[in-house]
Amino acid sequence: MTDHDDEMAAVIATSRIKADDNLRKFADGFRRDTRRWVLSSEEADFLARIATRRISGRALLSNRHVRKAAHYALMEGLVDASEDEPARQWLWITMAWDTGLTLERSPYIDFVSLRTIAYQHLRRSGIEGVGVVETDTWKNLTGEPGRRMASHVHFIGYPADGKRVKVTQVAADMRARAALPNFLDAPSVDIQNVSGSPTDFAQIGQYMLKPPVHAKNPVMRRKGDRHKFYDAEHAQGSTARLTEVFSHCELGDVLFSIGGGTGKDIASKVRAAVRHEIRVRAGAMPAPTREEVRRHWSSIRENNGSKKFCDCRIITRAEQRGAEKS
């Protein structure tokens with residue numbers, strides 16, 4: 001190996017350590033939330049399958065092994081792409097608008113719409129690349145009936161035509177669109193140039209698919225100022241609730257790409273790594289079906305967790321296909 005190869009291997013190894021640490025912290029939060037739950041052996045087995053055991057058949061986003069495989073592949077794919085296209089203008093984009101807001105008590109999250117809206121607006125702006133829908137929990141806002149869940153989009157991309165763009169101009173154009181409102185009066189779209197360092201791309205890949213190990217605390221810093229988000233400890237039950245939400249969807253419901261080039265190639269690498277992880281093999285338990293997920297959570301919540309929590313309504317590609325057939 002050359003010195004450069006050694007450097008790239010060290011970059012990936014460092015980001016893997018960070019990714020593993022976040023997965024561990026989220027798993028610790030899930031254990032804290034569920035340690036006093038009263039469960040049947042079948043319910044306990046179900047929780048292990050959706051969260052900690054190796055599974056086959058379905059790429060549940062709640063499962064740490066599925067997320068880890070996707071995590072590693074995305075980091076490596078981005079580092080390779082940055083090496084292959086060192087002169088390209090890379091853009092780090094966050095989109096947070098009101099469609100992704102719901103309440104933790106009764107989450108309604110339409111992953112199909114969120115992906116479609118982000119895809120349409122990014123493509124309209126001439127941007128290609130790869131993105132994910134991330135979901136986290138906010139601390140209570142004054143006057144609201146419980147905590148918010150918020151889904152938003154992270155995207156790493158580049159101008160489709162290869163020409164450089166002014167990020168402030170592209171961001172301002174997207175923010176001005178009526179379809180991307182933000183009720184906190186915060187910018188619905190933020191775009192930054194990425195320096196091009198392999199370390200930066202590894203960190204972005206690690207960030208994009210990390211589990212939400214912290215809650216977000218939207219604080220108004222000064223009268224008339226916009227809200228700023230700070231990391232905070234999850235409230236009791238929030239990590240388990242997020243795990244419940246993630247158990248209703250698969251990686252393919254949150255991962256998407258635009259264009260037929262680098263972004264598609266990176267997404268394909270991530271999907272291939274996840275397919276390899278969920279292959280049928282010794283030691284892997286079959287992932288629960290969508291009906292099993294709904295049935296078990298309904299049963300578990302009868303005796304455990306917040307009595308204010310209702311069933312989750314999570315719209316995925318599979319749910320959409322089922323609705324179209326009915």
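List of remarks:
- Hits in segment 296-316 (condition: closer than 12 Å to His248 by Cβ and open to solvent by 60 Å² or more (accessible area, probe 1.4 Å)): Asp311, Arg313
- Set side by side, the residues His248, His234 differ, and just one is touching a strand residue (DSSP E or B) at 6+ places or on another chain (Cβ under 6 Å) and closer than 24 Å to Thr116 by Cα, which is His248.
- When segment 102-131 is limited to residues that are hydrophobic (A, V, I, L, M, F, W, C) and buried (at least 22 other Cβ atoms within 10 Å of the Cβ), the one that is nearest to Gly77 (Cα to Cα) turns out to be Val130.
The rows are residues; the columns are (1) more than 20 Å from Arg53 (Cα to Cα); (2) open to solvent by less than 70 Å² (accessible area, probe 1.4 Å); (3) over 17 Å from the mean Cα position of the chain (by Cα).
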position	(1), (2), (3)
Asp3	yes, no, yes
Ala10	yes, yes, yes
Ala13	yes, yes, yes
Ala19	no, yes, no
Asn22	no, yes, no
Phe26	no, yes, no
Thr34	no, yes, yes
Trp37	no, yes, yes
Ser40	no, yes, yes
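- Taking first residues from segment 31-51 that are farther than 18 Å from Ile278 by Cα and partners that are open to solvent by less than 50 Å² (accessible area, probe 1.4 Å) and among the aliphatic types (A, V, I, L, M), the Cβ contacts under 8 Å between residues at least 6 apart in sequence or on separate chains come to Asp33/Ala240; Thr34/Leu47; Thr34/Ala240; Trp37/Ile300; Leu39/Leu47; Leu39/Ile300; Glu43/Ile300.
- Cross-chain or 6+ apart pairs with Cβ under 6 Å, segment 304-326 first and at pLDDT 95 or above, then aliphatic (A, V, I, L, M): Cys312/Val245; Ile314/Ile109; Ile315/Val112
- Neighbours by Cβ (under 7 Å, 6+ apart or cross-chain): first from segment 1-23, assigned to a helix (DSSP H, G or I); second open to solvent by less than 50 Å² (accessible area, probe 1.4 Å) and of a type in the set (S, T, N, Q): Ser15/Gln206; Lys18/Gln206; Ala19/Gln206
- Test: residue in segment 27-35 that is part of a loop (DSSP other than H, G, I, E, B) and at pLDDT 95 or above: yes
- Any pair with Cβ under 8 angstrom, 6 or more apart, that starts in segment 72-90 at a residue that is at negative phi and ends at one that is part of a loop (DSSP other than H, G, I, E, B) and buried (at least 22 other Cβ atoms within 10 Å of the Cβ): Leu74/Leu209; Ser82/Trp90
- Subset tally (residues that are farther than 23 Å from Trp90 by Cβ and in contact with a Leu (Cβ under 9 Å, 6 or more places away or on another chain)) for segment 252-271: 1
- Top-ranked residue in segment 215-247 [being at pLDDT 85 or above and either of a type in the set (Phe, Trp, Tyr) or open to solvent by 80 Å² or more (accessible area, probe 1.4 Å) (or both); ranked as farthest from the chain's Cα centre (by Cα)]: Gln236
- Segment 95-112 residues that are free of Cβ contacts under 8 Å to residues at least 60 places away in the same chain and more than 13 Å from Trp138 (Cβ to Cβ), paired with ones that are in a helix (DSSP H, G or I) and hydrophobic (A, V, I, L, M, F, W, C) (beta carbon under 9 Å, 6 or more apart): Thr99/Leu114; Thr99/Ile117
- So Asp200, is it assigned to a helix (DSSP H, G or I) and open to solvent by 30 Å² or more (accessible area, probe 1.4 Å): yes
- Any hit, segment 246-256, residues being more than 30 Å from Leu47 (Cβ to Cβ) and among the charged types (D, E, K, R): no
The values are calculated or read from the model by the stated rules, or taken from the named source; none is laboratory data. All values reported here derive from a predicted model rather than from experimental measurement. Note: ideal-geometry Cβ built from the backbone for every residue, glycine included; neighbour counts use all protein chains shown. These area figures cover heavy atoms from the full protein model, side chains too; ligands, DNA and RNA do not enter into them. Shrake-Rupley method; radii C 1.70, N 1.55, O 1.52, S 1.80 Å.
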